[in-house]
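Undergrad: Structure provided below as structure tokens; questions to follow.
The values are calculated or read from the model by the stated rules, or taken from the named source; none is laboratory data. This structure is a prediction, so every number in the text was calculated from the model and none was measured. A quick note on method: Cβ atoms are made from the backbone with ideal geometry, for glycine too, and the neighbour counts reach across all protein chains shown.
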Amino acid sequence: MIGAAALTLSLGMTSCTDYLDKAPESDISDTDAYKDFHNFQGFVEELYYCQPDPTNGYWTNSWNWGEDEIMNINVNYHMCYKVDQGDFWGWQSEFDGWQSGWMDRASNETTSANGPDRFKHSMWPLAWYGIRKANMGIENLDKITATKEEKDLIAGQLYFFRGWFHFMLMQYFGGLPYIDSVLPAGEKLTLPRLSYAECAEKAAADFRKAADLLPVDWDKTTVGRVTAGKNQLRVTKIAALGYLGKDLLWAASPLMNEESTGATTYNKDFAKRAAEAFGELLNIVDGGNTQFGLIPFDEYSENFVTMDGSGKMPGQNKDNTITEAIFRGPTYGSGWGCSAWGQVKCYGGMDINDSGVTFMPTANYVNYYGMANGLPLDDSDSQFDKTHPWKDRDPRFYHDIKYDGCQMIVKEDDGFKDWRYADMQTNGKYRDEYRGTRTGYFNYKFVSTKCNKVDDGYGWSPQIHMHIPWMRLSDVYLMYAEAAAEATGSATGSVGCKLTAVDAVNKVRERAGVAAVADKNTASLDNFMSEVRRERAVELSFEGHRFNDLRRWLLLDKYPYNIKTSQEFLRVGDMNVDDPTKNTVAEWSEKVILKRNFSKKHYWLPLKKSDTTLYPEFGQNPGW
């Protein structure tokens with residue numbers, strides 16, 4: 001956990017106007033804040049608390065806005081619903097009466113006298129605030145009296161967060177002014193919106209500086225040994241390289257390249273540089289001298305949730321010897337208990353949970369989970385059988401998805417005996433648009449079978465802690481595969497490390513027990529990229545990546561990525577609860593339950609009107 005106390009400062013920001021107008025340095029002593037490592041690190045700590053927590057930022061929250069997830073009907077206040085309706089204004093607090101979103105809330109703070117409030121951390125206002133704070137620190141680096149190691153650690157964190165906050169905004173809104181100095185309060189603004197490529201170059205420079213200054217493991221530094229064992233959330237060289245690569249890969253992607261150059265293909269130069277950054281990272285990690293690695297599959301859930309009551313942050317294996325989470329933010333609010341007060345109750349339907357909200361996977365998204373033999377369902381050689389559709393599937397399917405016949409309640413309770421196993425066939429007991437599943441599936445990637453009001457698996461014994469990292473190592477392998485393949489034009493190409501693009505995908509598959517990418521799917525770049533996209537869909541499912549992936553690939557408004565479907569079928573014979581993969585079904589089909597009518601404007605979120613009217617050069621995104 002983060003060791004030093006962060007500065008206490010309440011914020012009441014609603015747009016970037018507050019960031020641009022406020023002069024927070026007037027509240028900070030020029031001599032005290034920057035005089036030595038202890039004080040300067042205290043100044044820097046607040047940047048960590050500028051990160052939102054999409055997982056626990058409200059009683060219930062949504063962050064999956066692609067074709068991956070759908071909500072129960074009659075719930076219209078979450079961004080998931082608003083995106084489905086094409087209402088992208090919904091990310092803004094002015095259009096969110098419930099204040100349920102994680103990108104913009106009317107009230108924000110980094111800390112308070114009673115500790116940070118999980119409902120008061122959102123991306124838009126705190127990113128601008130964090131950028132200004134990082135600039136203040138960078139401009140005062142010469143005032144610190146410290147060792148070289150201490151100076152490097154301070155500077156590395158400041159450069160990382162300046163790049164990170166800009167990147168987080170850019171990926172949703174496109175090119176923005178890149179603020180790399182402290183702007184005088186009250187000065188007339190004329191900063192133009194840069195192209196995406198120009199912003200990406202500036203962020204890349206900051207991430208590169210951070211990577212050159214930061215350690216791989218804080219525990220092995222002189223400073224970090226003071227708080228050894230409590231440095232897991234601190235930004236590292238690995239995180240800086242990961243975001244350097246991600247920033248460049250996003251700039252290479254068709255949407256961003258189109259915004260910058262007009263071309264709807266990958267930018268080969270950006271892709272090559274992205275692969276080089278990822279390659280540098282993977283050389284360090286695969287060298288075996290770091291705390292980072294892929295958590296064994298039998299502990300896969302530890303990436304997202306812990307249930308032992310210890311309050312341990314998800315992202316490491318059970319004995320803390322392997323860290324897969326490359327970058328993750330703090331948990332705010334009532335310790336690890338905040339997950340139990342809403343979010344973890346949203347995945348199994350109302351009849352076994354006390355929640356009015358259910359987030360469920362769409363049937364078309366579940367189809368991305370292919371077979372254990374590594375082939376997609378629609379491959380003629382996959383051996384997928386529509387009469388036994390849950391047999392021999394990718395092991396991640398069984399980890400993530402509840403399907404017909406799966407156990408939903410562990411305890412034998414007469415009052416819930418009809419709900420103990422999932423009857424998800426068409427018109428089955430669990431099939432209900434409001435109370436159950438609309439699609440024939442439930443998402444259990446982040447919760448256990450005991451997460452229900454009968455077993456009380458989200459209660460106080462044991463205590464559940466759900467927290468999704470911003471970046472995992474498996475994501476890096478897959479981003480490297482994409483970048484290396486596009487840079488070289490081949491699945492067998494490599495850039496910056498010994499792994500080829502297909503080697504990187506297979507590394508992730510091997511952990512899950514899935515067969516390697518078939519030779520026929522490496523023969524052409526198009527075939528391989530189809531598998532890369534499918535692999536990202538499965539490995540990173542429901543972690544908030546899909547919406548931005550579809551956007552940057554220019555697929556958001558294209559069929560079949562603009563529909564959401566349900567799985568329709570009838571079970572033949574009795575339900576096999578001992579092994580539901582053996583259940584036989586008939587009349588297997590899909591039904592479109594929602595079509596999203598998107599246009600070109602939906603590739604970028606609309607900026608706040610209050611910001612775009614500040615000055616002519618800060619213009620609105622096209623179509624909004």
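Undergrad: Considering only residues of the stretch 171-220 that are under 18 Å from N267 (Cα atoms) and in contact with an Asp or Glu (Cβ under 6 Å, 6 or more places away or on another chain), which is surrounded by the most Cβ atoms within 10 Å (Cβ to Cβ)? Step through it out loud before you land on a result.
TA: If we filter the stretch 171-220 for residues that are under 18 Å from N267 (Cα atoms), which is where we start, we get 171, 174-175, 194-204.
Subset that is in contact with an Asp or Glu (Cβ under 6 Å, 6 or more places away or on another chain): 174, 196, 200, 203-204.
Working: G174: 22, Y196: 25, A200: 30, A203: 26, A204: 22.
Filtering first and then ranking leaves A200.
Undergrad: Please identify the pairs in which a residue from the stretch 202-220 that is part of a loop (DSSP other than H, G, I, E, B) has its Cβ atom under 7 Å from the Cβ atom of a residue that is of a type in the set (K, R), counting only partners at least 6 apart or on another chain.
TA: What qualifies is L214/K237; P215/K237; V216/K237.
Undergrad: Considering (1) within 30 Å of T227 (Cβ to Cβ); (2) more than 19 Å from the chain's Cα centre (by Cα); (3) surrounded by fewer than 23 Cβ atoms within 10 Å (Cβ to Cβ), say which one F95 fails and leave the rest.
TA: (1)
Undergrad: Within the stretch 560-613, count every residue that is in a strand (DSSP E or B) and either closer than 14 Å to D404 by Cβ or at pLDDT below 95 (or both).
TA: 12
Undergrad: Could you tell me whether the stretch 47-69 includes any residue that is modelled with pLDDT of 55 or more, in a strand (DSSP E or B), within 26 Å of the chain's Cα centre (by Cα) and crowded, with 22+ Cβ neighbours inside 10 Å? Give the steps one after another, and end with the answer.
TA: Residues of the stretch 47-69 modelled with pLDDT of 55 or more: 47-69.
This time we only want the ones that are in a strand (DSSP E or B), so: 69.
Narrowing the set further to residues that are within 26 Å of the chain's Cα centre (by Cα) leaves 69.
Adding the requirement that they be crowded, with 22+ Cβ neighbours inside 10 Å leaves 69.
Among the residues of the stretch 47-69, at least one is modelled with pLDDT of 55 or more, in a strand (DSSP E or B), within 26 Å of the chain's Cα centre (by Cα) and crowded, with 22+ Cβ neighbours inside 10 Å, which makes the answer yes.
Undergrad: Picking from N114, N74, which residue would you name as being on the phi > 0 side of the Ramachandran plot and polar (S, T, N, Q)? First the steps, then the outcome.
TA: Numbers: N114 fails: on the phi > 0 side of the Ramachandran plot.
Matching residue, one of N114, N74: N74.
Undergrad: Then there's this: Search the stretch 510-527 for residues being within 24 Å of the chain's Cα centre (by Cα) and buried (at least 20 other Cβ atoms within 10 Å of the Cβ), and hand back the single one that is nearest to I295 (Cα to Cα). It would help to see each step written out before you state the result.
TA: Pass one, the stretch 510-527, residues within 24 Å of the chain's Cα centre (by Cα): 510-514.
Within this subset, residues satisfying the condition of being buried (at least 20 other Cβ atoms within 10 Å of the Cβ) are 511, 514.
Details: R511: 8, V514: 15 Å.
The residue in question is R511.
Undergrad: Restricting attention to the stretch 78-100, report how many residues are part of a loop (DSSP other than H, G, I, E, B) and modelled with pLDDT of 95 or more. Before you say what the answer is, go through the steps one by one.
TA: First pass over the stretch 78-100, keeping only residues part of a loop (DSSP other than H, G, I, E, B): 78, 85-87, 92, 96-100.
Of the ones still in play, those that are also modelled with pLDDT of 95 or more are 78, 85-87, 92.
Adding up the residues that qualify gives 5.
Undergrad: Does the stretch 331-353 contain at least one residue that is farther than 30 Å from D219 by Cβ and either in contact with a Cys (Cβ under 6 Å, 6 or more places away or on another chain) or without any contact (Cβ under 8 Å) to a residue 24 or more places away in the chain (or both)?
TA: There is at least one residue in the stretch 331-353 that is farther than 30 Å from D219 by Cβ and either in contact with a Cys (Cβ under 6 Å, 6 or more places away or on another chain) or without any contact (Cβ under 8 Å) to a residue 24 or more places away in the chain (or both).
Undergrad: Looking at K520, K507, which one is touching a Phe, Trp or Tyr at 6+ places or on another chain (Cβ under 8 Å) and of a type outside the set (A, V, I, L, M)? Break it down into steps so the answer makes sense when it comes.
TA: On the way: K520 fails: touching a Phe, Trp or Tyr at 6+ places or on another chain (Cβ under 8 Å).
When all the criteria are applied, what remains is K507.
Undergrad: Next up: Determine, yes or no, whether Y441 is within 25 Å of the chain's Cα centre (by Cα), buried (at least 20 other Cβ atoms within 10 Å of the Cβ) and not hydrophobic (A, V, I, L, M, F, W, C). Don't jump to the end; show me each part of the working.
TA: Values: within 25 Å of the chain's Cα centre (by Cα): yes; buried (at least 20 other Cβ atoms within 10 Å of the Cβ): yes; not hydrophobic (A, V, I, L, M, F, W, C): yes.
Considered against the rule, which asks whether it is within 25 Å of the chain's Cα centre (by Cα), buried (at least 20 other Cβ atoms within 10 Å of the Cβ) and not hydrophobic (A, V, I, L, M, F, W, C), Y441 comes out as yes.
Undergrad: Among the residues of the stretch 501-543 satisfying the criterion of being in contact with a Gly (Cβ under 7 Å, 6 or more places away or on another chain) and of a type in the set (V, I, T), which is nearest to R472 (Cα to Cα)?
TA: Filtering first and then ranking leaves V514.
Undergrad: From the list Y347, Y365, Y369, which one is over 22 Å from V75 (Cα atoms), aromatic (F, W, Y) and within 24 Å of the chain's Cα centre (by Cα)? Steps first, answer last, please.
TA: Numbers: Y347 fails: over 22 Å from V75 (Cα atoms); Y365 fails: over 22 Å from V75 (Cα atoms).
Only one candidate passes the filter, namely Y369.
Undergrad: Would you confirm, using the coordinates I've provided, whether K595 is touching a residue at least 12 places away in the same chain (Cβ under 8 Å) and surrounded by fewer than 13 Cβ atoms within 10 Å (Cβ to Cβ)? Write out each step before concluding.
TA: Working: touching a residue at least 12 places away in the same chain (Cβ under 8 Å): yes; surrounded by fewer than 13 Cβ atoms within 10 Å (Cβ to Cβ): yes.
Answer is yes for this residue.
Undergrad: Within the stretch 133-164, restricting attention to residues that are crowded, with 24+ Cβ neighbours inside 10 Å and of a type in the set (D, E, K, R), which residue is nearest to T221 (Cα to Cα)?
TA: Among those residues, the one meeting the criterion is R162.
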